[in-house]
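Everything on this sheet refers to the single structure shown next.
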Amino acid sequence: MSDEQHSRREQWLFLGEIWLTIFAGIALLPILLDLWLTHFTEVAARMEHGLALAVTLPIEWLRGSGFLPQAGETLAVGMPLGVCAGVALIMVAFAALLDPRPGERPGWGRRILALPWVLTVGPIALVAALALVALGAALDPLLFGTLLLLGIAGSLMGRRRRRDPIPYERSLSGLPPASWKTDHLVRYALIFGALATGVLLGAVGALPWDEAPLQLFVALDERSGWAGVDALPWCYGLIIVLVLLLTPYTRRAFGVMTWEPWAASALGGVVAGALLAVLRGPAAGNAALPLGFALGLLGTLLSGAGVPWLPRLSLHPLRAVGRMGLPIAAALGVGVHVMAVTFLGCDDLDADPRIHRITRQPGAVDVAFAAGEVPGILAAFRADSHVIRLALDGSSTFIVEGSNLPLRALDAKGSTVRPVGFGEGSRGELFLLTSVERPGDTATTALVQLDPADAGILAVAEEMEPCGPATFAWNPILSIGVVGCRDGGEVLLYEPHLKQFIAREAIRGAEEFQSLAIDPLDGSMLSLARRKSPFLVRLDLRARKPVAWQFLGMGNTDLHLDDFGVLHVARFLGRQVLSFDATTLEPLRARPAGFAVQRLEEAPLHDRAITASAVDGHLYAVDTVGEEPTTRLKVGGLVHSLALSPSGRTLYAAGLCGVMSVDLNRWLKQ
């Protein structure tokens, strides 16, 4: 092929890739509007749900095959990592056989042999890369956009020294071209790094959050200075610099440049640090400085090595992943920044006059206000199998050990009582919902009525048939308590006068009860299923069937029905709190919040819905009546419970930084 024909071919490929990127952007527009402009549509919810499924289904398949641990289990990662090393070696060897030497035109035999590789490995890698970029963009849109723009600015500088690719330099495998033997090591490092990261995330994600992962975060947070969280952004920036200097392609590009890398990295560090310092404070600016430095340098050297200065897709999915180097690095940088500045850093809360840390013990799965002569807080700790009542003035502490509860299920050897959460009856009765776990068997349910004054046990109801309890709600029409099972579409009905469960009802169309609310007008149940169903459902308890539903996507865990018949839902995959008509489940409005919000508590005194993100370490106060902007407050990560005081002026939260109280007047009336 002549140089003119090759040039014409490259021009057509360039136009095709540009139009492919434009069409992909248009297709993803509903997700962008949903995440950044708080414009909820069912189309966007289904697209986000599909992307999340594409990422989680391979993990679930690996768990089912025993390669990764099931949820709640532990597994030594030595064997899976060894398998990843072997698989990466096989893939690199196959790619070496598949790809001709750079500059040689591949024959049709090689092209046909490459099809299985392109159609299997390529889509998986592309979906994982897109999911990672979407996660970074959703977690902190401002920081993600800033880092990406700084990387593109560096690419424009590096474009001056861009190396023109030779004809047929691109590999059939989509991996970086292997001109030298050391380039195969780069390929191996990329593949093994991606596989190992997936295995480690899958293994850690399967652990109970309040045990091993929690202890790891606490240990990291307790370290100070360069041995702790402050070092995370600098370590990330250093890793990027070392990878760029050790990788042959970028090292060669660095060798032919003069001032461009230094100017781009200095510009990135100064702009990112100054912008975040002005908008979010000195700590955020200090953490953003090394990230901006690294992204500016990365953009310069990638552009100089031949990567397009503006990220665009390719007809080859693996090649498209390679061109997404800047967005992927920006997304990872966002994760590091959030981890260092807001997820950890619990000591920073002591300097905030709006927050009072009642106890520093992390891991509480639920909290509830406890009335009495000395008001207090009840905190349930699943991992420790006990409940603690802490007086607000620090004068007394009562502990209820799960192993001391009078339960028949504890007669079985190895049985353990795990607190699940608290519930409230029609007259203010306080209930503790517990799960009794037996080795090799399904969980059963126990409902314990506690004395709020001293956490004394007033009554115990027990269900011996399998039901992993997840939520408790009170039905004012029937005057019964309703316990939802997380492992099936069943509810247990509790009679307060008999102080026992009187019925077990299977609801047609229900698969899991993660959160329940009861409509006081007719006793219908409004439910969410975090894992097994992406729908918000209204269920008729008498007819035992659903009567209305709305698609929301996976991961939603909490809802709240206010006194005006408006249902509020904290949407996990979207940065928003949604309001629905409780009868028809038609969307009424969407208000901005954080990403991965889970718990939701209504603060009627301030016309706000308070929700908490499990990953970015903030509480969000969402205006449910007017159009006031959403405000946020740092409380640390892994917030798994919120409770409002009877006065409505104090909010209690439990998470990584312990159990704390938040003065809503000082926060929301500033």
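Here are the numbers:
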{"read-out": "Flag if Val307 is open to solvent by 20 Å² or more (accessible area, probe 1.4 Å) and either assigned to a helix (DSSP H, G or I) or not aliphatic (A, V, I, L, M) (or both)", "value": "no"}
{"read-out": "Spans of strands (runs of 3 or more DSSP E) in segment 623-666 with at least 3 residues open to solvent by 10 Å² or more (accessible area, probe 1.4 Å) and over 23 Å from Pro375 (Cα atoms)", "value": "631-634"}
{"read-out": "Residues satisfying the stated conditions in segment 568-592, i.e. farther than 22 Å from Glu505 by Cβ, open to solvent by less than 10 Å² (accessible area, probe 1.4 Å) and of a type outside the set (Lys, Arg)", "value": "His568, Val569, Ala570, Gly574, Gln576, Val577, Leu578, Ser579, Phe580"}
{"read-out": "Close pairs (7 angstrom Cβ cut-off, 6 or more residues apart or separate chains): within 11 Å of Gln514 (Cβ to Cβ) and open to solvent by 50 Å² or more (accessible area, probe 1.4 Å) in segment 525-551, of a type in the set (S, T, N, Q) and not in a strand (DSSP E or B) anywhere", "value": "Arg530/Gln514; Arg530/Asn556; Arg530/Thr557"}
{"read-out": "Residues of segment 410-448 classified as in contact with a Lys or Arg (Cβ under 7 Å, 6 or more places away or on another chain) and open to solvent by less than 50 Å² (accessible area, probe 1.4 Å), total", "value": "7"}
{"read-out": "Single residue of Ala612, Ala621 found to be more than 18 Å from the chain's Cα centre (by Cα) and either under 24 Å from Val367 (Cα atoms) or in contact (Cβ under 8 Å) with a residue 24 or more places away in the chain (or both)", "value": "Ala621"}
{"read-out": "Scope segment 203-227; condition at pLDDT 70 or above and of a type outside the set (Val, Ile, Thr); matching residues", "value": "Leu214, Gln215, Leu216, Phe217, Ala219, Leu220, Asp221, Glu222"}
{"read-out": "Residues that are closer than 18 Å to Ala330 by Cα and either charged (D, E, K, R) or surrounded by 14 or more Cβ atoms within 10 Å (Cβ to Cβ) (or both), drawn from segment 239-249", "value": "Ile240, Val241, Val243, Leu244"}
{"read-out": "Number of positions in segment 283-304 that are modelled with pLDDT of 90 or more and open to solvent by 40 Å² or more (accessible area, probe 1.4 Å)", "value": "3"}
{"read-out": "Condition met for Val387 (open to solvent by less than 50 Å² (accessible area, probe 1.4 Å) and farther than 28 Å from Lys532 by Cα)", "value": "yes"}
{"read-out": "Residue tally, condition modelled with pLDDT of 80 or more, over 11 Å from His184 (Cα atoms) and buried (at least 16 other Cβ atoms within 10 Å of the Cβ), over segment 95-108", "value": "2"}
{"read-out": "Any hit, segment 266-280, residues being at pLDDT 80 or above, open to solvent by less than 60 Å² (accessible area, probe 1.4 Å) and within 25 Å of the chain's Cα centre (by Cα)", "value": "yes"}
{"read-out": "Checklist (1) within 20 Å of the chain's Cα centre (by Cα); (2) surrounded by fewer than 19 Cβ atoms within 10 Å (Cβ to Cβ) applied to Leu130, failing item", "value": "(2)"}
{"read-out": "Residues of segment 449-472 that turn out to be open to solvent by 10 Å² or more (accessible area, probe 1.4 Å), assigned to a strand (DSSP E or B) and small (Gly, Ala, Ser), as a count", "value": "2"}
{"read-out": "Any hit, segment 165-181, residues being within 30 Å of Ala93 (Cα to Cα), out of contact with any helix residue (DSSP H, G or I) (no Cβ under 6 Å at 6 or more places or on another chain) and without any contact (Cβ under 8 Å) to a residue 12 or more places away in the chain", "value": "yes"}
{"read-out": "Hits in segment 470-488 - residues which are touching a strand residue (DSSP E or B) at 6+ places or on another chain (Cβ under 6 Å) and not β-branched (Val, Ile, Thr)", "value": "Ala470, Phe472, Ala473, Trp474, Asn475, Gly481, Gly484, Arg486"}
{"read-out": "Qualifying positions in segment 169-183 - part of a loop (DSSP other than H, G, I, E, B), of a type in the set (S, T, N, Q) and open to solvent by 40 Å² or more (accessible area, probe 1.4 Å)", "value": "Ser179"}
{"read-out": "Residues that are small (Gly, Ala, Ser), touching a residue at least 24 places away in the same chain (Cβ under 8 Å) and under 29 Å from Ser415 (Cα atoms), drawn from segment 353-404", "value": "Gly363, Ala364, Ala368, Ala370, Ala379, Ala380, Ala383, Ser385, Gly402"}
{"read-out": "Residue list for segment 649-660, restricted to those being touching a strand residue (DSSP E or B) at 6+ places or on another chain (Cβ under 6 Å) and over 15 Å from Gln361 (Cβ atoms)", "value": "Thr650, Leu651"}
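To keep it simple, each residue is scored yes or no on (1) assigned to a helix (DSSP H, G or I); (2) in contact with a helix residue (DSSP H, G or I) (Cβ under 9 Å, 6 or more places away or on another chain); (3) more than 29 Å from Trp234 (Cα to Cα).
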{"site": "Gly333", "(1), (2), (3)": "yes, yes, no"}
{"site": "Val338", "(1), (2), (3)": "yes, yes, no"}
{"site": "Asp350", "(1), (2), (3)": "yes, no, no"}
{"site": "Glu373", "(1), (2), (3)": "no, no, yes"}
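For (1) modelled with pLDDT of 85 or more; (2) at positive phi; (3) in a loop (DSSP other than H, G, I, E, B), each residue gets a yes or a no:
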position	(1), (2), (3)
Leu478	yes, no, yes
Val482	yes, no, no
Phe501	yes, no, no
Glu511	no, no, yes
Arg531	no, no, yes
Leu539	yes, no, no
Val547	yes, no, no
Gly555	no, yes, yes
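The values are calculated or read from the model by the stated rules, or taken from the named source; none is laboratory data. Since this is a predicted model, take the numbers as computed values, not measurements. Don't worry about glycine lacking a Cβ; one is built from the backbone with ideal geometry, like all the others, and counts go over all protein chains shown. The protein model used for the area step is the full one, side chains on, heavy atoms only, and it has no ligands, DNA or RNA in it. Shrake-Rupley method; radii C 1.70, N 1.55, O 1.52, S 1.80 Å.
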